[in-house]
Amino acid sequence: MSSKQLIAGNWKMNGSLAANASLLEALKQGVGTPACDVAVCVPAPYLAQVQTLVAGSPLTLGAQDISVHAHGAYTGEQSGAMLKEFGVRYAIVGHSERRQYHGESDDIVAAKTAAALASAITPIVCVGETLAQREAGQTEEVVKRQLAAVIHVNGHCISEIVVAYEPVWAIGTGKTATPAQAQAVHAVLRAQLHHAASEHAAGIRILYGGSMNAANAAELLSQPDIDGGLIGGASLKAPDFLQIIAAAR
Ligand code: 13P
């Protein structure tokens, strides 16, 4: 267990200049001095806007993806150095929506993790099983395979990553994993990290994501191996996101 939990909002492909400004205004007004770390992972076109708006507040900035390449002919991509110029502290890598819709393999996710670390950006590495995989009893095998690829490529540097367990069947569905279901998978991931990074494993934050909301956050966040949350829908509503932040330690 890490000392401070991390609550990260994943805005996905939502927002506008006006909506971002009012959401961040409400968050800054309500956040006070949070016990946890807080980040908002915003669409790339809004990095400059949000960098300015979060300056001097407890809110930090994250991206939703990162290129494996440093520069060059890679149309549509953003390098770690570019993200860094906008004050990006975190980059989500391997979100299930990118694995599913953009064909991101375990190897690509591992390479993106390395690219983030090379730019001193903390990767939030997502793992998680589909409903079919859970029902087939493959949950452990799937998340361990996904994390193993990242460990294999990044070695002892994995002490610098954040892991997010996001069961695909819980994302955007309103079906949250029960605290016990989530804790069971987090314990598996913790043991795997322990094997790879021994004494550092306890300090690697493992976030839960998937329909976390103002009502269920406190119970999820009180599990011993849940070190924060990666929040989609509820991060777009200031009162809900603030309640989740207040539930974290
Ligand atoms: P929801 O909170 O909308 O289920 O999304 C979770 C998620 O995918 C965060 O990355």
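The values are calculated or read from the model by the stated rules, or taken from the named source; none is laboratory data. Here the structure is a predicted model, which is why all the values come from computation and not from measurement. Neighbour counts run over all protein chains shown; Cβ positions are idealised from the backbone, glycine included. Heads up: the accessible areas ignore ligands, DNA and RNA and are worked out on the full protein's heavy atoms, side chains in. Shrake-Rupley method; radii C 1.70, N 1.55, O 1.52, S 1.80 Å.
Please work out which residue is farthest from ILE121 (Cα to Cα), limiting yourself to region 70-108 and to residues that are outside any helix (DSSP H, G or I) and of a type in the set (Asp, Glu). Give the steps one after another, and end with the answer.
Of all residues in region 70-108, those outside any helix (DSSP H, G or I) come to 70-79, 86-95, 102-105.
Next, only the ones that are of a type in the set (Asp, Glu) stay: 77, 104.
On the way: GLU77: 16, GLU104: 20 Å.
The extreme case among them is GLU104.
Results for (1) away from the ligand (no atom under 16 Å from the Cβ); (2) within 15 Å of ILE161 (Cβ to Cβ); (3) touching a residue at least 60 places away in the same chain (Cβ under 8 Å), shown as yes or no for each residue.
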position	(1), (2), (3)
GLN183	yes, no, no
ALA218	no, no, no
GLN223	yes, no, no
ASP227	no, yes, yes
GLY233	no, no, yes
ARG249	yes, no, yes
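Considering THR173, THR178, the condition of being within 16 Å of the ligand (Cβ to nearest atom), of a type in the set (Ser, Thr, Tyr) and open to solvent by less than 70 Å² (accessible area, probe 1.4 Å) is satisfied by THR178 alone. Condition check for VAL109 on (1) more than 23 Å from ASN154 (Cβ to Cβ); (2) surrounded by 15 or more Cβ atoms within 10 Å (Cβ to Cβ): one failure, at (1).
Going by what's in this entry, would VAL50 be described as away from the ligand (no atom under 16 Å from the Cβ), open to solvent by less than 50 Å² (accessible area, probe 1.4 Å), more than 25 Å from ALA177 (Cβ to Cβ) and touching a helix residue (DSSP H, G or I) at 6+ places or on another chain (Cβ under 9 Å)? It is true that VAL50 is away from the ligand (no atom under 16 Å from the Cβ), open to solvent by less than 50 Å² (accessible area, probe 1.4 Å), more than 25 Å from ALA177 (Cβ to Cβ) and touching a helix residue (DSSP H, G or I) at 6+ places or on another chain (Cβ under 9 Å).
Filtering region 235-247 to residues that are within 14 Å of the ligand (Cβ to nearest atom) and part of a helix (DSSP H, G or I) leaves SER235, LEU236, ASP240, PHE241, GLN243, ILE244. Of the residues making up region 120-171, not one is more than 17 Å from the chain's Cα centre (by Cα), within 29 Å of LEU61 (Cβ to Cβ) and outside any helix (DSSP H, G or I). Here GLN146, GLN133 are screened, and the one residue that is more than 14 Å from the ligand (Cβ to nearest atom), touching a strand residue (DSSP E or B) at 6+ places or on another chain (Cβ under 8 Å), open to solvent by less than 70 Å² (accessible area, probe 1.4 Å) and polar (S, T, N, Q) is GLN146. Scanning region 178-196 for residues that are under 13 Å from LEU220 (Cα atoms) and part of a helix (DSSP H, G or I) yields PRO179, ALA180, GLN181, ALA182, GLN183, ALA184, VAL185, HIS186.
Taking the criterion of being closer than 21 Å to GLY94 by Cβ and either open to solvent by less than 60 Å² (accessible area, probe 1.4 Å) or small (Gly, Ala, Ser) (or both), the residues of region 185-202 that qualify are VAL185, HIS186, ALA187, VAL188, LEU189, ARG190, ALA191, GLN192, LEU193, ALA196, ALA197, ALA201. Out of SER211, SER159, one residue alone is surrounded by fewer than 24 Cβ atoms within 10 Å (Cβ to Cβ) and either of a type in the set (A, V, I, L, M, F, W, C) or over 20 Å from ASN10 (Cβ atoms) (or both). It is SER159.
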